[in-house]
1. Among Thr55, Val113, Gln13, flag the residue with its Cα farthest along the positive direction of the charge dipole of the chain, charges on Cβ as +1 for Lys/Arg and -1 for Asp/Glu.
2. Quick one: if the Förster radius is 22 Å, what FRET efficiency do Thr112 and Asn75 give, using the C-beta to C-beta distance and rounding to 0.05?
3. If you count only protein heavy atoms with a 1.4 Å probe, what accessible area per residue comes out for the chain, rounded to a whole Å²?
4. Grab the beta carbon distance between Thr55 and Arg28, set R0 = 22 Å, and tell me the FRET efficiency rounded to 0.05.
5. Determine the dipole magnitude for the chain: charges of +1 sit on the beta-carbon of Lys and Arg, -1 on that of Asp and Glu, nothing else is charged, the reference point is the Cα centre, and the result goes in debye to the nearest 20.
Amino acid sequence: QVQLVESGGGLVQPGGSLRLSCAASNRRFIIYTLGWHRQAPGKERELVAEITSGTSSNYADSVKGRFTISRDNANNAVYLQMNSLKPEDTAVYYCFADTFGSRSWGQGTQVTVSS
């Protein structure tokens, strides 16, 4: 299992920006896909964005054009730049890392978009 530590969540006004970071502490494993899911109260967890080791990315339709995912392979880190935030983006955001045959999850970071 890969240990993942997230940071960067918080409270922001609608239209504002936040940048989430997630770093893997265990470098024994080769990490393939990195990404973020989110879960809002009363809703199922959903994919926000993911990026492969070849840096191909995939986004949920609801965040396309507003969020950008990137990764730093040297540091086993993944980032999520979130712009033009909306109240409906409010959720706990979880990063994940796929190694061979396994997916690891971070502890989650709260993002609240409210005026």
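1. Result: Thr55, furthest along the dipole toward the positive end.
2. Values: r = 28 Å, r/R0 = 1.25.
The calculated FRET efficiency here is 0.20.
3. Numbers: 6010 Å² over 115 residues.
For the chain, the per-residue accessible area is 52 Å².
4. E between Thr55 and Arg28, to the nearest 0.05, is 0.45.
5. Values: 11 positive and 9 negative charges, 31 e Å.
Using only the charged Cβ atoms, the result is roughly 160 debye.
The values are calculated or read from the model by the stated rules, or taken from the named source; none is laboratory data. Treat the numbers as computed from the prediction; the structure is a model and nothing was measured. Virtual Cβ from ideal backbone geometry, glycine too; neighbours counted across all protein chains shown. Surface accessibility is based on the protein's heavy atoms, side chains included, excluding ligands, DNA and RNA. Shrake-Rupley method; radii C 1.70, N 1.55, O 1.52, S 1.80 Å.
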